Amino acid sequence: MFFHLKNGKNKGYCAFGNHSVKTPFNQPESLKMSKKAVVLLSGGLDSVTCLAVAKSENYEIHALCFNYGQRHKIEIECARKSALRLGVEKFHLIGFDLRMWGASALTSDSLTVPEFEANRDSVPITYVPARNMIFLSFGAALAEGIGARDIFIGVNSMDYSGYPDCRPAFIDAFRQCANLGTKAADEGWQFNIRTPLQYLKKTEIIRLGLSLGVDYSLTHSCYNPTPEGRPCGHCDSCGLRREAFASLGMKDPAA
Ligand SMILES: [Zn+2]
């Protein structure tokens, strides 16, 4: 699936076989003059803050969201609402099914989302195998296709669940991989993988987002929401979020 979102109007259409999408191949001059960025957007607190950072740097933003078979679709709606609020050129939604092999509590109903555990020393079962590698690969493909050099991802290695694909070493390795596996290698330009939240604590991320106009009531971070779409209050993501808002003397507006 592929959705176009501009000036507050939604228009959905199929990603494949759609001929109305403008490509860099028929607009080379305008692409050279524009400053475009791809922002990976899940609808969670971090990715929406990351979007606000990119917006503050005056990029023409292509938000890239994934329906990958995650436990719930609430975050996708949050991504769409935040993209509308902050303003993006296009909201792209790509669907594929990681439930085919499960292997994560987020993509399998037979695995249970564990309770919040601060300072966990192993990778939890909510880790989705190679998820950020998949997301960044789509991001690089979109960026190359539209003529963008900058790809934003809201990874964080301070207050996080310990996922290997959020760490700086992986991000740098992917940057090298993208620069070798695309036309960048032959044309003499480079992708930048932008990670503005990498070394921020969750409280610092929230402060940054508030300073940039993020409405956190439109974000959703819970791994295992109730059937009504409310945060469970018990998972890692809920725990990290709750502690951060409490440290700032605030109530989580999405809780
Ligand atoms: Zn939760």
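Summary table below
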| quantity | calculated |
| --- | --- |
| Residue 60 long-range amide H proximity, modeled H, under 5 Å | 35, 36, 37 |
| Amide H within-cut-off set for residue 67, under 5 Å, with H built and near neighbours excluded | 94, 95, 96 |
| Whole-Hz ³J(HN,Hα) from phi, Karplus 6.51 cos²θ - 1.76 cosθ + 1.60, for segment 178-187, glycine and proline x | 5, 6, 8, x, 10, 5, 3, 4, 8, 9 |
| GluC sites (Glu not before Pro) within segment 178-255: DSSP coil, no more than 14 neighbouring Cβ in 10 Å | 228 |
| Using a Förster distance of 35 Å, the FRET efficiency for residue 173-residue 85 (Cβ separation, nearest 0.05) | 0.55 |
| Cα point-scatterer Debye curve for the chain, base-10 log of I(q)/I(0) at q = 0.07, 0.08, 0.15 Å⁻¹ | -0.23, -0.30, -1.11 |
| Residues whose placed amide H lies under 5 Å from that of residue 152, excluding near-sequence neighbours | 38, 39, 40, 194 |
| Cut-off 11 Å between beta-carbons: net charge of the residues surrounding residue 203, Lys and Arg +1, Asp and Glu -1 | +1 |
| Per-residue HN-Hα couplings for segment 136-151 [Karplus 6.51, -1.76, 1.60; θ = phi - 60°; Hz; x = Gly/Pro] | 5, 5, 4, x, 5, 5, 5, 4, 5, x, 9, x, 9, 10, 10, 10 |
| C-alpha center-to-center spacing [segment 190-249, segment 77-114] in angstrom | 15 |
| Calculated from backbone phi, Karplus (6.51, -1.76, 1.60) coupling profile of segment 116-132 in Hz, x at Gly/Pro | 4, 9, 5, 6, 4, 10, 9, 6, x, 5, 7, 4, 9, x, 6, 4, 5 |
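Bear in mind these aren't lab numbers, they're just calculated from the coordinates by the rules spelled out. The structure presented is a predicted model; accordingly, all values stated were derived computationally and were not measured. Reconstructed Cβ throughout: ideal geometry from the backbone, glycine too, with neighbour counts over all protein chains shown.
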